[in-house]
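Please read the structure below before turning to the comments.
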Amino acid sequence: MKVCETENCESDISHYGRNKKTCEDCTKEKNFIESRERYRAQKLAQIARVRVIRSVVAEYFGISEEIICSRKKGRIISRPRQLAQYISREEGIKIAYIAIACNKDRSTVQEGLKSIKKTLEEDTHLAMDHKIITDQLEGIKCTNKI
Ligand SMILES: [Zn+2]
């Protein structure tokens, strides 16, 4: 008899193929844990990337990262904030993670994204800022693969 390799599992796996080392339940469990870990790693990497983007944007506009994350309104702060979120979104980062990184709720981020998209279409200066920042970010790829 061949028994599942998982600790504390005594399931008979003789009827499975020769390459099978764990029973069906243990294989499922293992796959579940692995996918959960992958998901978690991706989440952390994406949140870290938002922070990188945010710091580059803050530096470009000459404002501090604390201010960019704050609840302060006014164009001087909200534009860079929204732009950082917009660039994050362009890189494929989930809105939920942008919201976590920026300490905002999802609907606020969504509203900001809509608003900045419109502004970018109308404001050539901001569009230029966007281009310069994204070029700069090209060179700063996250060490954690997203
Ligand atoms: Zn098992």
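Quick note: the coordinates plus some simple rules give every number you see, no bench work behind them. Just so you know, these numbers come straight off a predicted model, no measurement behind them. Because the Cβ atoms are built from the backbone with ideal geometry, glycine has one as well, and the counts that use them run over all protein chains shown.
Ellipticity at 222 nm from helices only: DSSP H runs of n ≥ 4 in the chain, each -39500 (n - 2.57), divided by the residue count, give -22500 deg cm²/dmol.
Local charge for Ala96 was computed over the other residues whose Cβ lies under 12 Å away, with Lys and Arg +1 and Asp and Glu -1, and equals +4.
Partner lysines whose Cα lies under 29 Å from the Cα of Lys21, excluding those fewer than 8 positions away in the same chain, are identified as Lys2, Lys30.
Only helices reaching 30 angstrom along their own axis (Cα) with mean Kyte-Doolittle hydropathy no lower than -0.5 count here, and not one DSSP H run of the chain does.
Applying 1/(1 + (r/R0)^6) with R0 = 35 Å to the Cβ-Cβ distance of Ser115 and Glu29 gives a FRET efficiency near 0.20. Once C-alpha pairs closer than 8 Å and six or more residues apart are averaged by separation and normalised to the residue number of region 24-138, the relative contact order reads 25 percent. Between Thr6, Tyr86, Tyr16, the Cα set farthest toward the positive side of the dipole of the chain (charges on each charged residue's Cβ, about the Cα centre) is that of Tyr86.
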